[in-house]
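K.L.:
Quick one: this structure, given as structure tokens, is what I'll be asking you about.
The values are calculated or read from the model by the stated rules, or taken from the named source; none is laboratory data. In this text, all values refer to a predicted model and were calculated from it rather than measured experimentally. Reconstructed Cβ throughout: ideal geometry from the backbone, glycine too, with neighbour counts over all protein chains shown.
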Amino acid sequence: MPVEPPLSRWELPSPAQMPEGTEIAGVGADLAPGTLLAAYRQGLFPMRLQSRGRIGLGPLGWWSPDPRGILPLDGLHVSRSLRRSQRRFEIRVDTAFVDVMRGCADPKRPHGWIDRKFVSAYSELHELGWAHSVETWQIDERGRDELVGGLYGIAIGGLFAAESKFHRVTDASKVAVVALVDLMRDGGGSLLDVQWSTPHLASLGAVEVPRREYLELVARAVARAPITTFPDRDER
């Protein structure tokens with residue numbers, strides 16, 4: 001079972017009180033484990049605000065998009081080409097969490113916002129059993145295992161809040177999303193939060209729901225038993 005950290009010393013704003021269509025509930029606080037868990041449990045997630053035209057350079061913001069992107073577990077779309085791609089990868093869970101975060105934080109990616117403080121904070125949640133990575137691996141030209149894509153996020157009860165994904169090989173991140181859905185289906189998950197629905201995610205079945213509906217979904221999800229298909233922290 002995940003280990004509960006000390007409670008946050010901050011009182012985070014309630015997304016239920018936000019005006020319709022707004023995205024940012026508040027600015028400030030910290031990335032302590034207790035603060036992060038409190039945020040996800042009430043429908044918030046952290047991301048730095050734009051500064052000088054780029055995300056990642058400004059203060060810490062607490063976001064609650066309206067509408068919110070989710071990927072219904074019974075609405076996953078897997079094309080024939082993606083099914084063929086699945087056979088090219090090996091899926092692993094929680095074997096390279098920090099490396100996945102670093103892949104997502106690649107400074108070459110546009111609008112990067114995952115800095116060292118985020119890597120440190122989510123790595124601590126990983127050690128406590130709350131943060132997980134779903135990884136896609138291949139054998140490289142020298143016959144060695146190579147991490148070529150993946151995603152990471154936070155699992156609380158039946159919720160998985162997907163934070164970011166990356167790929168170095170075509171379809172590697174999409175295959176990780178499909179694997180995540182399978183893990184959630186098999187392990188009793190109920191809500192896959194993807195923050196915003198992008199064309200990439202929409203092709204897999206992501207949809208948008210009003211914030212009010214999302215807050216109802218997340219309240220039910222975090223009250224459920226933990227997803228059983230993620231490794232226990234003592235089994236890694």
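K.L.:
Which residues, counting only those in the stretch 129-148, are out of contact with any strand residue (DSSP E or B) (no Cβ under 8 Å at 6 or more places or on another chain) and in contact (Cβ under 8 Å) with a residue 60 or more places away in the chain?
P.N.:
Answer for the stretch 129-148, where residues must be out of contact with any strand residue (DSSP E or B) (no Cβ under 8 Å at 6 or more places or on another chain) and in contact (Cβ under 8 Å) with a residue 60 or more places away in the chain: just GLY129.
K.L.:
Another question, then. For the subset of the stretch 190-213 comprising residues that are under 20 Å from GLN86 (Cβ atoms) and touching a strand residue (DSSP E or B) at 6+ places or on another chain (Cβ under 6 Å), which member is modelled with the lowest pLDDT?
P.N.:
My answer is LEU201.
K.L.:
Starting from residues that are at pLDDT 95 or above and in contact with a strand residue (DSSP E or B) (Cβ under 7 Å, 6 or more places away or on another chain), keep the ones in the stretch 105-125 and report whichever is surrounded by the most Cβ atoms within 10 Å (Cβ to Cβ).
P.N.:
Among them, the one singled out is TYR122.
K.L.:
Return the pair list, or none, for Cβ contacts closer than 9 Å from residues in the stretch 1-16 that are of a type in the set (Phe, Trp, Tyr) to residues that are buried (at least 17 other Cβ atoms within 10 Å of the Cβ) and modelled with pLDDT of 95 or more, at least 6 apart or on different chains.
P.N.:
Partner pairs satisfying both residue conditions: TRP10/ALA29; TRP10/ALA32; TRP10/THR35; TRP10/ALA38.
K.L.:
Does VAL78 meet the test of being among the β-branched types (Val, Ile, Thr) and either surrounded by 20 or more Cβ atoms within 10 Å (Cβ to Cβ) or assigned to a helix (DSSP H, G or I) (or both)?
P.N.:
Criteria not met by VAL78.
K.L.:
Also: Looking at the stretch 17-34, which of its residues are within 13 Å of GLY61 (Cα to Cα), in contact (Cβ under 8 Å) with a residue 40 or more places away in the chain and among the charged types (D, E, K, R)?
P.N.:
Once the filter is applied, which keeps residues that are within 13 Å of GLY61 (Cα to Cα), in contact (Cβ under 8 Å) with a residue 40 or more places away in the chain and among the charged types (D, E, K, R), the stretch 17-34 yields only GLU23.
K.L.:
While we're on this one: With GLY58, GLY43 as the choices, which residue is surrounded by 14 or more Cβ atoms within 10 Å (Cβ to Cβ) and modelled with pLDDT under 95?
P.N.:
GLY58
K.L.:
Would you confirm, using the coordinates I've provided, whether TYR122 is in contact with a helix residue (DSSP H, G or I) (Cβ under 9 Å, 6 or more places away or on another chain) and not in a helix (DSSP H, G or I)?
P.N.:
No: the conditions fail for TYR122.
K.L.:
Can you tell me which residue in the stretch 8-28 is surrounded by the most Cβ atoms within 10 Å (Cβ to Cβ), limited to those that are of a type in the set (A, V, I, L, M, F, W, C) and touching an Asp or Glu at 6+ places or on another chain (Cβ under 9 Å)?
P.N.:
MET18
K.L.:
Right, ILE139: among the β-branched types (Val, Ile, Thr) and in contact with an Asp or Glu (Cβ under 7 Å, 6 or more places away or on another chain) or not?
P.N.:
Answer is yes for this residue.
K.L.:
Which condition does GLY129 not pass, out of (1) closer than 25 Å to GLY188 by Cα; (2) surrounded by fewer than 20 Cβ atoms within 10 Å (Cβ to Cβ), if it passes all the others?
P.N.:
(2)
K.L.:
When the stretch 130-151 is examined, which residues are found to be closer than 19 Å to ASP232 by Cβ and part of a strand (DSSP E or B)?
P.N.:
Once the filter is applied, which keeps residues that are closer than 19 Å to ASP232 by Cβ and part of a strand (DSSP E or B), the stretch 130-151 yields ALA131, HIS132, SER133, VAL134, GLU135.
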